[in-house]
There are 2 protein chains.
Amino acid sequence: MTATAAHDSGTAAMAALIGRVREVKLLESTASVLGWDQETMMPEGGVEWRSAQLAHLARLSHQTFTSTQTGDLIAAAMDAVAGLPEDHPDRVDVREIDRDWRKATRLPEALVSELAELSSKAMHEWAAARQANDFPRFQPWLERTVELNRQKAECLGWPAGGEPWDALADSYEPGLAAVEMQAVFEPLRKRLQGLLDRLRGAPRRPSNGFNEHALALADQERFVKFVARRIGFDFSRGRLDRSTHPFCGGSHCNDVRMTTRYLETCVLDALGSTMHEAGHGMYEQGLSAERIGLPMGEAAGLSVHESQSRLWENQVGRSRAFWTWAQGQLPAFFGEACDRFSLQDLVDGANVVEPGFIRVEADEGTYNMHVMIRFELERAMIKGDLKVADLPGVWNGLYKDFLGLTVPDDRRGCLQDVHWSMGAIGYFPTYTLGTLLAAQLFEKARTDLPGLEEGFTRGDFSPLLGWLRKNVHAEGRRHRLDGLCRKVTGKPLSADPLMRHLEGKLLPLYGLA
Amino acid sequence: MTATAAHDSGTAAMAALIGRVREVKLLESTASVLGWDQETMMPEGGVEWRSAQLAHLARLSHQTFTSTQTGDLIAAAMDAVAGLPEDHPDRVDVREIDRDWRKATRLPEALVSELAELSSKAMHEWAAARQANDFPRFQPWLERTVELNRQKAECLGWPAGGEPWDALADSYEPGLAAVEMQAVFEPLRKRLQGLLDRLRGAPRRPSNGFNEHALALADQERFVKFVARRIGFDFSRGRLDRSTHPFCGGSHCNDVRMTTRYLETCVLDALGSTMHEAGHGMYEQGLSAERIGLPMGEAAGLSVHESQSRLWENQVGRSRAFWTWAQGQLPAFFGEACDRFSLQDLVDGANVVEPGFIRVEADEGTYNMHVMIRFELERAMIKGDLKVADLPGVWNGLYKDFLGLTVPDDRRGCLQDVHWSMGAIGYFPTYTLGTLLAAQLFEKARTDLPGLEEGFTRGDFSPLLGWLRKNVHAEGRRHRLDGLCRKVTGKPLSADPLMRHLEGKLLPLYGLA
């Protein structure tokens, strides 16, 4: 074979693999639009058939992807890219497709399809059970979800010394193990507890007034859309709707669908959740349109995803610099209704630390405690150490232990999150890993971009987005979490930047520095 | 084989066929939700990928349906139902599935997928071209659409003595032929022209005041949703949204998505289009949930579909009885804004006859003229007698000829309808066939249900819906248009009931009787 012929056949092998993977992505992204539709638009009567549609799409994409033909295409493409540098986009694509394929081929089609069907129905049942504060209604659905996820873990397998939870977590954060997570959580809990103890006895208490101030929902909606656009979410390639549980989904980088929800008494709730989802959304929009469906056009994992949402929600959205700008925007949306709040009131409102029952409403100081509780519980359920029937009691015990709270009902307890109903077990810890990475990335961005926060005070967020586009979004799945963190910040992932961020902001606010 | 074993294998053969057809319906209904989403929700950036999704779904459902396996399942099921009466639901299902399969197998997969992709893109281009009043922008898309539809017609074939248009129309109205349609249109045009001539010289002119009265769009939206619910559209199994071109789509009988649009100056436009789409929607909701995807759970054809929409829009929505009730509802939605209009003003507004450029805004007297014009044009384009480039000129000539109007621009001319951009050629005449059937069905319902219109004056529409459920919706695809008409009304489809309806209402309104 001449060199040119080899190149051509290499190109042909890549093209054939890309064509196959693109077909899978067409189906997966279709399912994703249907999932968004189910949560935002679908009339109630549609649940049964929707579950069947999703099950069928899951079956078809699994069939297409796991076929031996796909395996042959991967093998041929692997030969074709063998001469390229390890971090060449084509080589990364083949490496990650191969990883995905090996995982997927371990799962029987029937299990994949049953999980898709179950999750569509269970989400519906969860929403009804949560509204009715009726855990027993949800219990059989969660039992089945745990059962199928245990089967899934058995099929996938886990490294020696690990446990079933690891097999599931790997889908959200490649290579993540429960013992490793525990090693992050234990010291973090102590450091956070230390901070919370100091704040409890502090001489100053930030004003909560702005969080108790009712504002019309339609005005809130216009305001948070304005902020989302201003920080960089592109509405010609995305939407913002309402749903019970805020999320970011959609089809691909040019069609990103995020949702939020509105509480009359707290625009900061809608704003925080919108900036959070916009962080996810801008990551998605920053992925390569040329590589839709290919690993180099996909997010690096859920922790990195969460770093983007937490960064915009916390490092930006709770900063004095952001509010210096945002305060001036309020009259255009709320008239005189916010005039009586000073800049300090707004910064205070965004940063009050107060243990609460609801994770998605939690402040930065207590947020990770909520995650730790869920990690313990899901790990035990999957291991078989905790029966689903016992979940409410154990949940409530942990809230007492971690946050000193007595959970009043399951609606504000173990029924609050959508994740387990979606079949997502092993997902929660990525929230904390993402929170750590967000702080670490933001420290580096501040070093790289002098005047960054001064720009925020003028409503200029584009340098930050540009920096994230280049350092994170454009990298696709080239690196794992720790590799990306080292490449961008020069250091392994650590809790130090988060603690510096929290202490640097909260101690002065509480009159402790 | 014993009788029981034969019965079991018959049941098994039916079950196997149903399973296959259900898979196809899962994919088709998914595509339908994506189509709805594209028109109502999808951000602009999503077009390219959405077209690819729809093309892939079309390819997959075509593959699944046209496989030889499906043919074998049909053959086995045919044996299984051979002993049943001809109009038994199972036998009807197999007969119609066989008909669909024979048609579908004549179409190459590549053509099916290209048509789906083209239509998604062309609809997007059409919307942009219409907004910009820019026919040349749309021209290449329409040329390709005509070209692919000619190929489609060649693949499908048509009966001796027919023409290519017949092959396409058969998908919307089984067995419809252009010559037959012409035989309906020619005398109808004369009769309608005679009526229009009489109205033009009439001593009284109905007041147009209510059609020129601005009302807030949000109030209009609440009002038309209220009316849709009251006439029987079930919002727990459907939605009403906004789109440029009103339509009714969705997934299946328990998830029906209709759209409308709002003009500030004319609530009757939104009301008429909502009642029209609700007529379609209630037909869909009236189909059997047990037979989703099977012919006995599907609409009989587009003419029957259109009879349902036209009946609610015209026989109900433009009647004095309806307005006697509706007038009393106006204050709850519009405050005092409509107080100055008498019942006669409202009835007048709903029934003014005035030739106009826009089909979907047309009154009952001129509506069918718009349909005739489109029929002539699409027939000629498919035959090859009319070049797409010449469409605007010929369109405008026909508007002069049929309605005496000089079309001012293509936006109000040949760019006004979505159908051709969707690839739907052969569709328009079903509007007129449905209009004829609507009048004929309503005459019969009035005979069968004494006090029907007296009920309308109290807002009671359920007897009519019940009658349609039983006589039309529950029949699925058991009968063709003419068969259904004969079965329900005892007579072949005729223009007489429509002319009686129009003359009976319009002549008195114009002071001519």
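The values are calculated or read from the model by the stated rules, or taken from the named source; none is laboratory data. Just so it is clear, the structure is predicted and the values come from calculations on it, not from any experiment. Using ideal geometry, Cβ is built from the backbone for each residue, glycine included, and neighbour counts are taken over all protein chains shown.
Annotations for the structure displayed:
- Residue count, region B:60-88 (criterion: more than 9 Å from every other protein chain (Cβ to nearest Cβ), within 29 Å of the chain's Cα centre (by Cα) and either outside any helix (DSSP H, G or I) or under 26 Å from A:E48 (Cβ atoms) (or both)): 8
- For region A:25-59, filtering for residues that are over 13 Å from B:Q53 (Cβ atoms) and at the interface with chain B (Cβ under 8 Å from one of its Cβ atoms) leaves 13.
- Restricting attention to region B:398-412, the residues that are surrounded by 13 or more Cβ atoms within 10 Å (Cβ to Cβ) and closer than 15 Å to B:M369 by Cα add up to 6.
- Subset tally (residues that are touching a residue at least 40 places away in the same chain (Cβ under 8 Å) and either farther than 21 Å from A:P492 by Cα or surrounded by fewer than 20 Cβ atoms within 10 Å (Cβ to Cβ) (or both)) for region A:186-197: 5
- Taken over region B:112-122, residues that are out of contact with any Gly (no Cβ under 9 Å at 6 or more places or on another chain) and touching a residue at least 60 places away in the same chain (Cβ under 8 Å) amount to 2.
- Out of B:R130, B:R144, sole residue that is buried (at least 19 other Cβ atoms within 10 Å of the Cβ) and in a helix (DSSP H, G or I): B:R130
- Selection within region B:225-239 - farther than 17 Å from B:R458 by Cα and touching a strand residue (DSSP E or B) at 6+ places or on another chain (Cβ under 9 Å): B:K225, B:F233, B:D234, B:R237, B:G238, B:R239
- Selected residue (only one of B:A337, B:A380 is at pLDDT below 95, farther than 23 Å from B:H245 by Cβ and not acidic (D, E)): B:A337
- Among the residues of region A:222-245, those identified as more than 14 Å from chain B (Cβ to nearest Cβ) and closer than 23 Å to A:V347 by Cβ are A:R222, A:F223, A:V224, A:F226, A:V227, A:R230, A:I231, A:G232.
- Conditions (1) buried (at least 21 other Cβ atoms within 10 Å of the Cβ); (2) away from every other protein chain (no Cβ under 14 Å); (3) outside any loop (DSSP other than H, G, I, E, B); (4) not basic (K, R): number failed by A:L215: (3)
- Filter result for B:R458 (farther than 19 Å from B:L176 by Cβ, surrounded by fewer than 18 Cβ atoms within 10 Å (Cβ to Cβ), within 25 Å of the chain's Cα centre (by Cα) and not hydrophobic (A, V, I, L, M, F, W, C)): no
- Qualifying residue in region A:99-113 (condition: assigned to a helix (DSSP H, G or I), closer than 24 Å to B:A289 by Cβ and within 27 Å of the chain's Cα centre (by Cα)): yes
- Considering the conditions (1) within 22 Å of A:A350 (Cα to Cα); (2) of a type outside the set (S, T, Y); (3) surrounded by fewer than 24 Cβ atoms within 10 Å (Cβ to Cβ), A:E277 is excluded by exactly one of them, (3).
- Counting only residues that are β-branched (V, I, T), touching a His at 6+ places or on another chain (Cβ under 6 Å) and farther than 23 Å from B:G238 by Cα, region A:8-65 holds 0 of them.
- Flag: A:L498 does not match the condition of being under 21 Å from A:E284 (Cβ atoms), surrounded by 23 or more Cβ atoms within 10 Å (Cβ to Cβ) and under 21 Å from the mean Cα position of the chain (by Cα).
To keep it simple, each residue is scored yes or no on (1) away from every other protein chain (no Cβ under 14 Å); (2) crowded, with 24+ Cβ neighbours inside 10 Å; (3) over 17 Å from the mean Cα position of the chain (by Cα); (4) of a type in the set (D, E).
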| position | (1), (2), (3), (4) |
| --- | --- |
| B:C253 | no, yes, no, no |
| B:R257 | no, yes, no, no |
| B:L271 | yes, no, no, no |
| B:S288 | no, no, yes, no |
| B:M296 | yes, no, yes, no |
| B:Q308 | yes, yes, no, no |
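Here is a yes/no grid of residues against (1) in a strand (DSSP E or B); (2) modelled with pLDDT of 95 or more:
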{"residue": "A:V227", "(1), (2)": "no, yes"}
{"residue": "A:L240", "(1), (2)": "yes, yes"}
{"residue": "A:T244", "(1), (2)": "no, no"}
{"residue": "A:L268", "(1), (2)": "no, no"}
{"residue": "A:G272", "(1), (2)": "no, yes"}
{"residue": "A:L311", "(1), (2)": "no, yes"}
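- Selected residue (criterion: surrounded by the most Cβ atoms within 10 Å (Cβ to Cβ)) from residues of region B:168-181 that are in contact (Cβ under 8 Å) with a residue 40 or more places away in the chain and assigned to a helix (DSSP H, G or I): B:A169
- The residues of region A:220-250 that are crowded, with 17+ Cβ neighbours inside 10 Å and either free of Cβ contacts under 8 Å to residues at least 12 places away in the same chain or more than 19 Å from A:Q308 (Cα to Cα) (or both), listed by number, are A:Q220, A:E221, A:F223, A:S243.
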